[in-house]
Amino acid sequence: MNQNLLIKNCKPVGNGYDGKKSLDIRIEDGKISEISEAIEQADTEVSFDALGAFISAGWMDMHVHFREPGFEHKETIETGCRAAAFGGFTEVACMPNTKPPIHTRDVVEYIRKKAEDEAVSVHPIGCVTKDRAGKSIAEMADMKKGGAVAFSDDGDPVYNSQVMRVALEYSSMLNMPIINHEEDLELSRPGHMNEGEVSTRLGLDGTPGIAEETMIARDILLAGFTGGHVHVAHISTRKAVDLIRQAKEEGINVTTEVCAHHFDLTDEEIEKRKFDTNVKMHPPLRTADDVEAMIEGLADGTIDVICTDHAPHAIEEKEVEFIYAPNGIIGLGTVWSLTVKRLLQPRKLSMDQILEKIVIKPREILNLDIPEIAVGEHANLTVFNTDEKWIYTPKRVRSKSRNSPYLNEELTGRATAIYNNGKLIVNTIDG
């Protein structure tokens, strides 16, 4: 049921707005019906006072793990949507490393059905290969009919080059991207962190950057050969960014994303935090030079999207020795604060550039409608600030899991509300 709503005292940004003027936005039957100053509230609508916060078209995270079906002890679609709403996201695309994996139309439709009453829209990403085994192509066309928006074997790379070639040819006929986890397994395993000075000092097996870069180079060549669209998941090294930049200059259909932790943290955190498993992820945290390369790639447009790779794990799974812990951290609740700290406040990117990375580009890549703040448009909105200081305590985590390196840290900036699918979600800090 659509909720008629009057949003008071908000400052629109994006879509030609500069965030300098406070306006009111009226929403009727799920659509924006009026944008003006000092709109009077009608008896039939709810009023939400944004208190001078910014408002933009709704944010999207195109790389999350909601774990359902099969791993509901880590996260469910319901709790994942709750975490996404708290982070300011109105739409997400969920990865297929579930049990069963998202490799058939019925699993795609199951996820869509489970999420249909949520304020956050969930778009399933189907597998490239059956069972994510890397051998035979999954039923791509049928999954698209069921609502899949892309294809990926996620934590497992499509390792066989002939399989990847065929996948790119099939997916190009469907006008959908292949999202590949770029990793040469023979070079990377059994790495537990970035290979370099810190891993040597700590005595841990490392994963070198070339394990990522080699696979990216292969996929760029295959994309150029087939005309297909490769989307490079969670890029993490300077050389990888250089490869993407060169491929784009040559007109090859390649896009990429970066996780917030890869433009914020370095491999030194593992030493500083004495093997805290909440700084273990894959690809691993890299060097300060790689972090700077992520920011440079975002600024010049080489990197298209900011994402989280939100990867929940149960407490007992992470509270083990570092080498035995699973990779991954939750990220939906902290990505905006990290973006403010590392990109907006130091003026590495403008507000418009950031919104392009979290509103426009993810939807362009996945061929989804791009929301706008305009009369007549469906209301898909995020309300947020850039200056509120708050502490990310365990009680403020909306995910079912707690595996974050940012727990109990003071952060700046957060999303205060979203509106989507006819529903308003207000993010009271402890609610």
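Read-outs: derived from the displayed coordinates by stated rules, not from any lab. Note that the structure is a prediction, hence the values are computed from the model and not measured. Here the Cβ positions follow ideal geometry from the backbone for every residue, glycine too, while neighbour counts run over all protein chains shown.
Observations, loosely collected:
- 5 angstrom amide H check on I329, placed H, neighbours 5+ away: A311
- J(HN,Hα) series, segment 365-378, from Karplus relation 6.51 cos²θ - 1.76 cosθ + 1.60, nearest Hz, glycine and proline x: 4, 9, 6, 9, 4, 9, x, 9, 8, 7, 4, x, 7, 4
- Angle in degrees between helix 105-115 and the longest Cα principal axis of the chain, rounded to the nearest 10: 40
- Helical contribution to [θ] at 222 nm, DSSP H n ≥ 4, -39,500 (n - 2.57), averaged over the chain, rounded to 500: -7500 deg cm²/dmol
- Segment D205..K31, full-extension length gain: 57.3 nm, with 0.36 nm per residue of separation and the alpha-carbon distance subtracted.
- Principal-axis tilt of helix 288-300 within the chain, Cα atoms, nearest 10 degrees: 50
- At R0 = 22 Å, FRET efficiency that the Cβ-Cβ distance of A42 and T428 yields, to 0.05: 0.30
- Annotation: amide H of H231 within the under-5 Å range of I178, I179, N180, T255, sequence separation 5 or more or interchain, hydrogens built in the peptide plane.
- Dipole axis of the chain (+1 Lys, Arg; -1 Asp, Glu on Cβ), positive-most option in C10, V279, S199: V279
- Furthest towards positive pole of dipole, V383, L349, A115, structure part the chain, Cβ charges: A115
- Of K272/K341; K20/K248; K272/K357; K113/K144; K113/K318; K11/K389, those spanning more than 27 Å from alpha-carbon to alpha-carbon: K20/K248; K272/K357; K113/K318
- Here the Karplus curve 6.51 cos²θ - 1.76 cosθ + 1.60, taken at θ = phi - 60°, turns the phi angles of segment 138-144 into couplings of 6, 7, 4, 4, 5, 5, 4 Hz, with x standing for Gly and Pro.
- Between the Cα long axis of helix 209-226 and the first principal axis of the chain there is an angle of about 80°, rounded to the nearest 10.
- In order along segment 177-183, phi translates into HN-Hα couplings of x, 9, 9, 10, 7, 8, 7 Hz, rounded to whole numbers, per the Karplus curve 6.51 cos²θ - 1.76 cosθ + 1.60 with θ = phi - 60° and x for Gly and Pro.
- DSSP loop trypsin sites (Lys or Arg not before Pro) with at most 11 other Cβ within 10 Å: longest gap in the chain: 136-273
- Cα-centred dipole magnitude for segment 58-366, charges only on beta-carbon of K, R (+1) and D, E (-1), debye, nearest 20: 420
- For A138, the amide hydrogen comes within under 5 Å of the amide hydrogens of T129, K130, counting only partners 5 or more places away or on other chains and with H modelled in the peptide plane.
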